[in-house]
Structure formats: structure tokens, C-alpha cells
Amino acid sequence: MCGIFGIQGHAEAANLAYLGLHALQHRGQESAGIVSAQDGRLHAHRQLGLVADAFSAETLSGLPGSAAMGHVRYATTGGHGLANAQPFTVEYAGGPLSIAHNGNLVNAQALRDELSAAGAVFQSDSDTEVLLHLVAQARGSSLEERLGEALLRVQGAYSLLLLAPDRMVAMRDPHGLRPLVLGRVRDAWVFASETTALDLIEATYVRELEPGEMVTVVPGGGPFSRRPLPAVPPARCVFEQVYFARPDATLFGQSAYAVRKRLGAQLAKEHPAQADVVIAVPDSGVPAAMGYAQGAGLPYEVGLIRSHYVGRTFIEPQQAIRHFGVKLKLAAVREVLAGRRVVVVDDSIVRGTTSRKIVKMLKDAGAAEVHLRISSPPTRWPCFYGIDTPSRQELIAATHGVNEIARYVTADSLGYLSVEGMLEAVRGEGYCTACFTGKYVAGLPGEPAALRALGG
Ligand code: AMP
Ligand code: SF4
């Protein structure tokens, strides 16, 4: 997953991009980058690490101009080095061009092989660079035409921003898998993965880009909307609602906080528990736990404290660090737990390692019983559309039944939300649910590694 932000028409474009990226930091912590445009040239700075560490007053002052866009990265495909940090910038026949991508292209490897065979040289192993080559090679007379032509060849998930000296182009894939919104601050137009970035810079939310919509803004003009690709049924990522987006975001037209509370209330209906107290796995489980508590008529309390000085453990690339991370980031509140029957709500179980540690932590703190409730269905299939999930062999729910998982995590009971219940709570049709149902609406990669990841 990644976060993207763009602003066109503001004297402090790079500074606002920097602030906007802060509000998208939860979408990726591996690298951060900003590119600005001035006088026919693009200026770029990219670095590994968090936004606050990647930029200084000095690096920001080296990003002049009234248009800028930025990216925070969380690797799904490609390695972890600086070469894969975005935005990517190239010089092609049409001039300098930079691109920032949130999502994952499923046929990138096949396209890369084809482009390499024709002599293309790649600087990174990221799927986004493949897209850049396709745009550079396309024949259209404008950037928009070239992009539209390039995208005809691409399958998968993408919300994109392209910056050229004279324009910024935003594009959402025809399924609308990843979010992208349009905002306005004074005379400037703003694009962002989530409304959280608009709120931070005090921009107003105009609307979400529609699936398959391309929007251009130019100095003093726009937004100009186009639909260069054939329409397909929408398939917005339901996991953005469950987990990924920040709860204060307006996501796919709804409050993510309200959606998560409804997920929790629905979970309470489907899987009630004889318990004294409801607690959340912070931070992502909090709204669902509150919804569960309200739905069940039980008190909600803070039974786990999260340290905000370590990153999300799942995102840490190495298994060894991940294990260490659970203890680093969560602490149990004995006062809330001792002698009580506890419902603990989390948004998902991936490998099961986090849940197992949390249940142990709660019991060590004196909980009499621990009832684990998950505000999404069992994660049984890997995501190929931009969320980093392991192969089926590592997804505990792909190979184990609910009772077996309950035993593994040592919970007294375990309940997952049903697919129907989840869809009712997100109030919508047109969602991708592939990681829960295996229905891959936006295609599958053809490579052997991906097919191995699908093996159960
Ligand atoms: P695990 O220990 O592998 O079962 O990890 C489950 C935990 O990781 C849950 O607490 C989730 O909130 C979190 N999580 C689930 N999916 C992701 C993801 N794609 N990226 C980061 N964290 C995740
Ligand atoms: Fe989202 Fe799951 Fe679909 Fe991936 S497979 S896009 S995580 S709903």
C-alpha cells in the first residue's frame, strides 16, 4: 500500500505536499518523496524512512514551484531500496515526467519482460517503472492520450498521479480499487489518497475520483475529466474500510469510523459473548470494538496500550523484527483485565502470530477468559492489488478452521464477521473481497511465484 498527494496552483506546493504526506504516513513508512515543477523542470527528493526524517527545511526549499506531488511507500512488489522510492522521474520525448503510484499491477512482470526484450533499461524492480516506460513509448499526442494508451495494456490496481512541467494528471483504475480524492485550497487543486491529507492542509473535499476517471489540472485551469478506458464493474477494496484507511477519512463516500463501528455492531450480533468488558487491539481495532460494545451493551475499556514510537509491526520486513515488535508496541492494563471475561476486538488475523501474543498478554495480565472477535471474515487469499499479504500457505485461515485457529491463538472463543455481515456494514455493492472470497475481479498475475502464493 502507498499514499499519494498532489497539489497544483499553490505558492507553497512542496511544503503542503510534505504536510499532506504526514497525514498519509499510515499508508507507507518505507520511503517518502516529493517532486515539484518550475520553469519547465522537475525537482525531486526521495529518501528511505518516514516523512519527518526524509525532508528538512533545506531539502524542501530545493523543491520550488507551484505544483508538487509526493508519495509514501509500503512495498508490495519490488525491493526495499532507494531505487524503488517514488515518485519516479524520467526524461522522455515529451519532456520530463514524474509518476506516483498506489496499487499493484498484476501483469507488470510480463510487460517488463516484453519491454526489456525490446531494449528498455529499468532502474528499479517496481511495477510503477513499467508504467512509465509504457507512457514514454505510447504514441498519443498529449500526456493524457499516452497515459490512456499505456493503461489499456495494464491490469490491476492503480491510483496514479503524473506531474509534467505544465500539468498534473490523476487517474484511478477502472475498478476503483484504491481510493483517490479531489480537494480545493484557495485557487489550488489537490489530489490525495485519503481525505486525511485534505483536512490537515485545510483544503475542502470536493469529491472522490470515479473508478476509471482521469482528471487533469493545469496552471489556472481544470479539473478536466476524461474516461480513457472501457468501464468495468467497480471493485473498491473493502479492506481499506476494514483496516487500512485512517478512521477519520471519508472513504468511498462514507466515514471510515462509522463503517468500522457498524462492522463491530454487526460482529456483536453474529458472535455475542458472555463477557464483562470489551477492549480493542489498538489502534486499528478501536472503532470496531466500540461498535461491538455498544451493540452488545457491554462496557468498552482501554485494556491494551499501544506505544506510538514503533511502526506497525506487520510492515516491518523481517519476521524476526515482527515477533519482537508485538511486545514492543502493546502493553496490557491489568486494572481493566484482572479477573474479568474479556472480549478483544481486532480487524483481521493474517498469520495469527499477533493474536496469539495478544491473548497470552491478556491472560498474563489476569484475564479470566479471552474471547477474540475479528471485524472481518477469515483472510484466506493473498491480495494482488496493493496490500501486502503473505502466500496462502502462511495465511492461517487458508489452512485452518476457526476452531483450530482459536486453539492456536489460545482464545476461549473466536468469532469472525461473515462476508454478508461485512458487506452489510460497509453498505455497498461494488467492493473487492478477494482476500476473503478468492474472487479476483481485477485479474491475477501469471507468474509461477504468484501461482505458488495461491496454492493452499
Ligand atoms: P498476524 O500476526 O500476521 O496475524 O497479523 C495480524 C495483525 O496485522 C492485525 O492486528 C492487523 O491489524 C494487522 N494487519 C492485517 N493486515 C495487514 C496489512 N496488510 N498490513 C499491515 N498490518 C496488517
Ligand atoms: Fe482489498 Fe482484499 Fe481486494 Fe486486496 S484482495 S484489494 S486487500 S479487498
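The values are calculated or read from the model by the stated rules, or taken from the named source; none is laboratory data. All values derive from a computational prediction rather than experimental measurement. A quick note on method: Cβ atoms are made from the backbone with ideal geometry, for glycine too, and the neighbour counts reach across all protein chains shown. Only protein heavy atoms, including side chains, enter the accessible area calculation; ligands, DNA and RNA are left aside. Shrake-Rupley method; radii C 1.70, N 1.55, O 1.52, S 1.80 Å.
Checked against the criterion of being under 18 Å from Thr354 (Cβ atoms) and in contact with a Leu (Cβ under 6 Å, 6 or more places away or on another chain), the candidates Ala245, Ala280, Ala288 yield just one match: Ala288. In region 168-205, the residue that is farthest from ligand 2 (Cβ to nearest atom) out of those that are without any contact (Cβ under 8 Å) to a residue 40 or more places away in the chain and not aliphatic (A, V, I, L, M) is Glu202. Scanning region 107-123 for residues that are closer than 30 Å to Leu152 by Cβ, in contact (Cβ under 8 Å) with a residue 40 or more places away in the chain and open to solvent by less than 20 Å² (accessible area, probe 1.4 Å) turns up at least one hit.
Listed by position, the strands (runs of 3 or more DSSP E) enclosed by region 58-105 that each have at least 2 residues that are small (Gly, Ala, Ser) are 67-73, 95-105. Assuming Arg172 fulfils every condition listed in (1) under 19 Å from the mean Cα position of the chain (by Cα); (2) of a type in the set (Lys, Arg); (3) closer than 21 Å to Glu91 by Cα apart from one, which condition is it? Against the list (1) under 19 Å from the mean Cα position of the chain (by Cα); (2) of a type in the set (Lys, Arg); (3) closer than 21 Å to Glu91 by Cα, Arg172 comes up short only on (3).
Taking region 1-52 and the strands (runs of 3 or more DSSP E) fully enclosed by it, the elements with 3 or more residues that are closer than 23 Å to Glu208 by Cβ are at 2-8.
Within region 206-229, the set of residues being open to solvent by less than 10 Å² (accessible area, probe 1.4 Å) and either within 16 Å of ligand 2 (Cβ to nearest atom) or of a type in the set (Gly, Ala, Ser) (or both) comprises just one member, Gly212. What residue, among those in region 230-239 that are among the aliphatic types (A, V, I, L, M) and within 14 Å of ligand 2 (Cβ to nearest atom), is surrounded by the fewest Cβ atoms within 10 Å (Cβ to Cβ)? Filtering first and then ranking leaves Ala235.
Taking the condition among the acidic types (Asp, Glu), touching a helix residue (DSSP H, G or I) at 6+ places or on another chain (Cβ under 6 Å), more than 12 Å from ligand 2 (Cβ to nearest atom) and under 22 Å from Pro382 (Cβ atoms), does Glu404 pass? When the stated conditions are applied, Glu404 does not pass them. In region 401-450, the residue that is most open to solvent (accessible area, probe 1.4 Å) out of those that are within 16 Å of ligand 1 (Cβ to nearest atom) and charged (D, E, K, R) is Arg407. Ala453 meets the stated requirement of being in contact (Cβ under 8 Å) with a residue 60 or more places away in the chain, within 16 Å of ligand 1 (Cβ to nearest atom) and under 22 Å from Glu240 (Cβ atoms). Residues in region 240-265 that are out of contact with any Phe, Trp or Tyr (no Cβ under 8 Å at 6 or more places or on another chain) and open to solvent by 30 Å² or more (accessible area, probe 1.4 Å): Tyr243, Arg246, Gly253, Gln254, Ser255, Tyr257, Ala258, Lys261, Arg262. Every test in (1) closer than 17 Å to Thr437 by Cβ; (2) surrounded by 18 or more Cβ atoms within 10 Å (Cβ to Cβ) is passed by Val345 save one, and that test is (1).
Looking only at region 183-196, which residues are on the phi < 0 side of the Ramachandran plot and either of a type in the set (D, E, K, R) or over 14 Å from the mean Cα position of the chain (by Cα) (or both)? Scanning region 183-196 gives Gly183, Arg184, Val185, Asp187, Ala188, Trp189, Val190, Phe191, Glu194. Every listed requirement among (1) touching a Lys or Arg at 6+ places or on another chain (Cβ under 7 Å); (2) farther than 18 Å from Ser348 by Cβ; (3) open to solvent by less than 40 Å² (accessible area, probe 1.4 Å) is met by Gly291 save one, (2). Going through (1) more than 16 Å from ligand 2 (Cβ to nearest atom); (2) surrounded by 18 or more Cβ atoms within 10 Å (Cβ to Cβ); (3) free of Cβ contacts under 8 Å to residues at least 60 places away in the same chain one by one, Ile358 falls short only on (3).
Restricting attention to region 44-81, the residues being surrounded by 13 or more Cβ atoms within 10 Å (Cβ to Cβ) and touching a residue at least 24 places away in the same chain (Cβ under 8 Å) number 26. Highlighted here are the helices (runs of 4 or more DSSP H) found entirely within region 413-456 that include at least 2 residues which are within 16 Å of Ser348 (Cα to Cα): 419-425, 434-437.
Would it be correct to say that Val277 is among the aliphatic types (A, V, I, L, M) and within 16 Å of ligand 2 (Cβ to nearest atom)? Here the answer is no, as Val277 does not meet what is asked. Determine, yes or no, whether Gln38 is open to solvent by 10 Å² or more (accessible area, probe 1.4 Å) and touching a helix residue (DSSP H, G or I) at 6+ places or on another chain (Cβ under 8 Å). So Gln38 fails the test. Being of a type in the set (D, E, K, R), away from ligand 1 (no atom under 13 Å from the Cβ) and in a strand (DSSP E or B) is the filter here; which residues of region 342-398 pass it? Hit for region 342-398 is Glu369, nothing else.
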